[in-house]
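The values are calculated or read from the model by the stated rules, or taken from the named source; none is laboratory data. This one's a predicted model, so the numbers in the text were calculated from it and none came from an experiment. In this analysis, Cβ positions are derived from the backbone assuming ideal geometry, glycine residues included, and neighbour counts consider all displayed protein chains. Side chains are part of the model used for accessible areas, which takes the heavy atoms of the whole protein and leaves out ligands, DNA and RNA. Shrake-Rupley method; radii C 1.70, N 1.55, O 1.52, S 1.80 Å.
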Amino acid sequence: MNSEFEAVRLENPDGTSPVLLICEHASNFFPAQFDGLGLKPEVQQSHVAWDPGAYEVMRRMGEQLNAKMIVGGVSRLVYDCNRPPEAKDAVPVRSEVFDVPGNQNLSVDQYMERVELCYTPFHKQVAQAISWSKVPPVVVTIHSFTPVYFGTHRETEVGILHDEDTRLADAMLDVADELSDLKIERNEPYGPEDGVTYTLKRHGLENNLLNVMIEVRNDLIKTDAQQAEMARLLAEMVQRALAQLDEASKGEAS
């Protein structure tokens with residue numbers, strides 16, 4: 001079995017920003033040994049297999065911020081790196097309205113192969129990037145979501161998501177209205193109750209690091225121009241929020 005593929009990569013490793021950008025669902029790549037999980041090509045290319053536009057937005061944010069970036073290299077249908085191995089949807093047998101034949105009736109060994117090939121190296125890379133940082137990193141994960149889910153149109157355009165630590169999300173939402181007319185909402189279209197904050201909890205909360213998850217509706221980031229504009233907005237939101245938090249901490253110290 002050929003198991004040689006890039007489950008994760010670190011981009012801009014010499015970035016000087018404290019922000020660490022992470023895109024778990026950057027790719028819809030299916031390693032050859034999984035035979036496309038038995039899915040039709042149009043499903044492999046759809047939003048159920050990855051987060052369209054998310055990587056491009058993150059890359060542009062990384063350029064503007066000069067931030068390190070960690071990129072997932074495998075479709076989330078092979079293994080969702082924003083889920084722990086014990087999560088039922090880490091290797092989904094069904095995603096939205098699509099059954100995933102190649103994920104049906106996996107043995108324990110087959111399941112653990114996915115964990116070792118995808119989950120383990122991804123989170124090892126995140127942990128290393130944090131441990132090697134000279135300053136406390138700010139964990140920012142970038143995702144996109146479909147505008148229509150189970151036939152229902154989603155009004156949210158940008159979601160600012162958090163788990164128990166609301167500091168960075170609060171500060172970003174504080175500056176959102178002055179920077180954009182978009183419908184930017186807290187913990188939409190998902191929230192902690194949906195199990196989407198695993199990376200934030202494992203690498204942000206457990207290390208007491210500022211952290212936030214950003215969800216962008218994917219019809220807003222289809223073109224190069226849209227991706228560049230969204231990246232500019234999100235980078236500015238993060239920068240202003242961090243400046244606000246820094247000022248607040250100085251005020252408390254004095």
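Being without any contact (Cβ under 8 Å) to a residue 24 or more places away in the chain and over 20 Å from Pro84 (Cβ atoms) is a property that Val175 lacks.
Pairing each residue of region 1-15 that is modelled with pLDDT under 90 with any residue that is in a loop (DSSP other than H, G, I, E, B), provided the two are 6+ apart or on different chains, yields C-beta distances under 9 Å for Asn2/Pro31; Ser3/Pro31; Glu4/Pro31; Phe5/Phe29; Phe5/Pro31; Phe5/Gly73; Phe5/Val74.
Only a single criterion out of (1) open to solvent by less than 70 Å² (accessible area, probe 1.4 Å); (2) more than 24 Å from Leu245 (Cβ to Cβ) is not satisfied by Ala171, namely (2). The residue of region 109-136 that is farthest from Val19 (Cα to Cα), among those that are aliphatic (A, V, I, L, M) and touching a residue at least 60 places away in the same chain (Cβ under 8 Å), is Leu117. Here Leu234 clears all of (1) in a helix (DSSP H, G or I); (2) open to solvent by 50 Å² or more (accessible area, probe 1.4 Å); (3) farther than 16 Å from His123 by Cβ; (4) touching a strand residue (DSSP E or B) at 6+ places or on another chain (Cβ under 9 Å) except the condition numbered (2). In region 146-163, of all residues being farther than 21 Å from Asp174 by Cα and in contact (Cβ under 8 Å) with a residue 24 or more places away in the chain, the one that is most open to solvent (accessible area, probe 1.4 Å) corresponds to Phe150. Filtered by the rule that a residue be closer than 18 Å to Val93 by Cα, open to solvent by 20 Å² or more (accessible area, probe 1.4 Å) and among the small types (Gly, Ala, Ser), region 22-42 gives a lone residue, Gly38. Filtered by the rule that a residue be in a helix (DSSP H, G or I), open to solvent by 10 Å² or more (accessible area, probe 1.4 Å), in contact (Cβ under 8 Å) with a residue 24 or more places away in the chain and of a type in the set (A, V, I, L, M, F, W, C), region 197-229 gives Leu205, Leu220, Ala228. With a requirement of 1 or more residues that are small (Gly, Ala, Ser) and surrounded by fewer than 24 Cβ atoms within 10 Å (Cβ to Cβ), the helices (runs of 4 or more DSSP H) lying completely within region 43-145 that satisfy it span 120-132.
Leu37 - would you say it is at pLDDT 95 or above and touching a strand residue (DSSP E or B) at 6+ places or on another chain (Cβ under 7 Å)? Considered against the rule, which asks whether it is at pLDDT 95 or above and touching a strand residue (DSSP E or B) at 6+ places or on another chain (Cβ under 7 Å), Leu37 comes out as no. Just one of (1) modelled with pLDDT of 95 or more; (2) farther than 18 Å from Val216 by Cα fails for Lys134. It is (1).
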